[in-house]
Amino acid sequence: MNEPVATDEQLAAEAQREGSDGPAFVELLDRFRDRVWRICYRLLGNEHDAQDAAQEVFVRLFTHRGKFAGRSKYSTWVHGVAVRTCLTLRRGRGRRQRRVVLAGEATLEVGPKTSATADASVRLDLHQMLEVLDEEDRALLILKYAEDYNYDELAAVFELSVSACKMRISRARVKLKKRFPDQITD
Amino acid sequence: MASDLLEQLARHEVPPPPPSATFDHDVHRRVNHTLAVLHVVEFVLQALPHALLHFMRAVGGLIGFTITGQFRPVKQDTTKRDSDESV
């Protein structure tokens, strides 16, 4: 007979009772590894930083496991921690260093002179474009367009109202449109 | 180039995450390191001051005895004595 699968919230409650990273935390790590990795990669843009950030996210999930009060879904809380961790790491590094990394990546990715070249340049363009935004607006746009979050999910992750999310995304698009009129449509 | 460059964000593939064994091992190592640091901080901020306080009381008692030639009167636990008498 199959045992009933524990929900994320049940596992989180179990992890709160564990003194160390026990079976419940390991199960949560297993469930959210891919999701956290995607968020970190999208927000940081390279594998090395994404791996560092994803590990840091799980350390924070462990050390702050007593703070999950169950007011939202556990997955939403995890996504919020992941986004805040990435934003903290990005703020810590500074924009100049990021540009160097992105330029290096673009050079490395340019191999055969076909679609790969175009893709790398588009990617560099995209990241350069998004650098004009502040960190939170940039993260909102990436999660909205790259990960297809809806406004309710964004509002829960960023702890904003739905209308505030819509307004910030709209303002971010206007700002991009002003700077790059050819790339952004109305 | 697409009419809206933002729409192209979704087209960029995310590489697969690092192998779970390596990743989990690194996470556990970092968690253990964090726990060790937290325990040291807790020890320094809580246990050490507590121990120092008791040590200083003993030193104070020794100095008091050296000066006055008498031990400080020890406070009696009155609640315990009362309960003992009631039995």
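Here, each number is a calculation from the coordinates, and none is a lab measurement. Quick caveat, the model's predicted, so the values are computed rather than measured. Methodologically, a virtual Cβ is constructed for each residue, glycine included, from the backbone with ideal geometry; neighbour enumeration extends over all protein chains shown.
A simple count of charges around A:R168, restricted to other residues whose Cβ falls under 11 Å of its Cβ and scoring Lys, Arg +1 and Asp, Glu -1, yields +3. For the range B:1-50, GluC sites (Glu not before Pro) meeting the loop criterion (DSSP other than H, G, I, E, B) and having at most 13 other Cβ atoms within 10 Å: B:E13.
Answer rounded, prolate or oblate for the range B:1-52, using the Cα gyration tensor with square roots of eigenvalues a ≥ b ≥ c: rounded when a/c is under 1.5, else prolate when a/b is larger than b/c, else oblate.
Oblate is the answer for the range B:1-52, as a/c is 1.5 or above yet b/c matches or exceeds a/b.
Under a Cβ-Cβ cut-off of 12 Å, what is the net charge of the residues other than A:Q51 that fall near it, where Lys and Arg count +1 and Asp and Glu count -1?
-3
Residues A:L89, B:L38, A:L140, A:L61, arranged from fewest to most other Cβ atoms within 10 angstrom of their Cβ, appear as B:L38, A:L89, A:L140, A:L61.
Checking the a/c ratio against 1.5 first, then a/b against b/c, what shape does the Cα gyration tensor give for the range A:137-186?
prolate
Cβ-to-Cβ counts within 10 Å put B:I67, A:I142, A:I39, A:I169 in ascending order as B:I67, A:I169, A:I142, A:I39, the fewest first.
For peptide A:52-61, the mean count of partner chain Cβ atoms within 10 Å of a residue's Cβ comes to 4.
The dipole here belongs to the range B:1-67: it is taken about the Cα centre, uses +1 on the Cβ of Lys and Arg and -1 on the Cβ of Asp and Glu, and is about 520 debye.
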